1. Hey, P273 hits all of (1) over 16 Å from the mean Cα position of the chain (by Cα); (2) within 16 Å of the ligand (Cβ to nearest atom) but one; which does it fall short on?
2. Under the condition of being outside any helix (DSSP H, G or I) and modelled with pLDDT of 95 or more, which residue from segment 157-178 is nearest to V98 (Cα to Cα)?
3. Do the conditions hold for R335, that is, is it of a type outside the set (S, T, N, Q), within 16 Å of the ligand (Cβ to nearest atom) and either at pLDDT below 95 or in contact with a Lys or Arg (Cβ under 9 Å, 6 or more places away or on another chain) (or both)?
4. Which residue, of G133, G145, G122, G154, is at positive phi and either assigned to a helix (DSSP H, G or I) or in the same structural domain as C247 (by TED's automatic domain parsing) (or both)?
5. Mind checking which pairs have a first residue in segment 131-157 that is in contact (Cβ under 8 Å) with a residue 24 or more places away in the chain and a second that is within 16 Å of the ligand (Cβ to nearest atom) and part of a loop (DSSP other than H, G, I, E, B), Cβ under 6 Å, 6 or more apart or different chains?
6. Among residues belonging to segment 364-375 that are modelled with pLDDT under 85 and within 27 Å of A202 (Cβ to Cβ), point out the one that is surrounded by the most Cβ atoms within 10 Å (Cβ to Cβ).
7. For the condition within 16 Å of the ligand (Cβ to nearest atom), at pLDDT 95 or above and among the acidic types (D, E), what is the one hit in D242, D234?
Amino acid sequence: MAKISLENWSEKIRDPEIECMSREEMKALQSEKLVKQVKNVYENVAFYRKKMDEAGVKPEDIRSIDDIGKLPFTTKEDLRENYPFGLLAVPQSKIARVQGTSGTTGKLTLASYTEKDVDVWGECVARALTMAGLTEEDKLHVCYGYGLFTGGMGLDLGARALGCMSIPMSSGNTQRQLMCMEDFGATAFACTPSYAMYLAEAAKEAGVVERLQLKAGINGAEPWTDEMRHQIEDTLNVNCFDIYGLCEITGPGVACDCIHHKGLHVYEDHFFPEVLNPVDHTPCAEGETGELVFTTLSKEGMPLIRYRTKDLTSIEYGKCECGRTLPRIQKFTGRTDDMKVIRGVNVFPTQVEAALLSIGEGVAPHYMMVVDRENNLDVLTVMVEVDEKYFSDEIRKLEALKKKIELALKQALGVAVKVKLCEPKSIQRSEGKAKRVIDNRNL
Ligand SMILES: [Zn+2]
C-alpha cells in the first residue's frame, strides 16, 4: 500500500449530519446542550455553584451559546485543588474509567468518564480515523502508551467504534514494533510525531519500508510542523494526520485534520471551542492567535466549563474543501508554558523546527534548545544534528552549514542564536513526547 494522492482520496465522512451541519443548526444544538450542562454543574458540582455564585451568574442567565462569556473559567489549578474526584457531576459509582497525565507538581491531572463519556470519546476518534481514510477493513497499530495516558486507550476506543482491527502495541522497542507492523500487515499507525519520525528512520535503516503496508499515520499529542509531516510521509510513503486532545476534555479525538491539512476540525457538538486573548480573555477575531478554551457540552462524569488549555492557536469557521463545516483550529504555535522569552522575544520550539526543516540538505530534524543567561543576557543555543554524509565532509563545509542555520534561525525567530552542530544520532530520541527545551536560567 502507499500514500494516496489527493485526486484519489475518497472523502468519507462518518457523521455527515453533524460534521456538515449549517452554522445555525450547530449553534442551536450547542445552545440546547450548554443550557442543560450549566444547570447540571450548578446543581451537582459544588465548585461550579460557588464559582457561578461569586461571578453573580445563575443558570437562568445562560439561554444560548452566545451567553458563554458570562461563565467563569476553569484552570488546571482548579483541577489540582479538587483532585482526585472533587469535580464529578455524578456519584463515583457511575464512573467507568479514569485517565490522567502527570503534572509538574507530582500529582496527576485526572479525568473521570462515565460509560457514555467513553462512548462519545470512541465515536470522536472514529470520526478522526475516518478523516484519515480508515475503514473497518483497516488494521491500526497503536504505539501510543497504554495506561493512564489517554493516547493508547483513545485510539483503541476509536478503532473499536469504527470496527477496524486494533493492534495495541503501546510504546517502546522499535525493532519489535517494525516486526509486528510487517507481520500483521498494519495499514495505519498511531503515535507522537517525534516517535513517528524515529520509527520512519528505523524502518528506512532496516530496509523494511517497502515491505510495510502502511497508508496512514495518526500522529498527535505534541506540536509539530508541516515540514516534519512531509518528512515522515516521504520516508514511510504514507499520509499523516494530526490528532489533538487533552485528557481533561477527552484525550485524543477533540480535533483532527483532514486530507487538505488546512487546520484541525473540532468536534464542536461535544467540545465548544473559544479562542481568547491570553492577557485580557476577550474573544479573538477569526484567524487571530490566542488561548484555546473548551466547554464540554456532552460530558457527564467531569464536565468542564470554559477550561483554559494554555494551547495557542487560531480558529476558522469557513467550510472546508472536504465538505465539513466543523471549524478548524490551526496547528499549535505552542503552549503558553513552552514559550520561551529570549531577550524579550517570544520563541516557540515549533518555529525552530520549521526553520531547520526549511534548510533541507544536511540537517536532520532532531534538535534541542538550550537557554542560558550569560552576563545578564539570554543566550539561546540550538543543538542540531547533521546528516551522516555531511558530518564526514570537510570542516569548511560544516562551517558554511552552521552559518546557514544561524542565519535561518535568526530570520525566523528575530533573535540571534548560537548553533552547535552535533553528530548523527547524538540527540536523545523520545518514545513519547519530545523534550525540546532546556532552560538553565533561574527565573
Ligand atoms: Zn476538511
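The values are calculated or read from the model by the stated rules, or taken from the named source; none is laboratory data. Predicted, not measured: the structure shown is a model, and the values here were computed from it. In this analysis, Cβ positions are derived from the backbone assuming ideal geometry, glycine residues included, and neighbour counts consider all displayed protein chains.
1. (1)
2. P168
3. When the stated conditions are applied, R335 does not pass them.
4. G133
5. M131/C258
6. Applying the filter and picking the extreme gives H366.
7. Result: D242 is the single residue among D242, D234 that is within 16 Å of the ligand (Cβ to nearest atom), at pLDDT 95 or above and among the acidic types (D, E).
Table: residues versus (1) exposed (fewer than 14 other Cβ atoms within 10 Å of the Cβ); (2) more than 25 Å from the chain's Cα centre (by Cα).
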site	(1), (2)
S5	yes, no
D15	no, no
I68	no, no
K94	no, yes
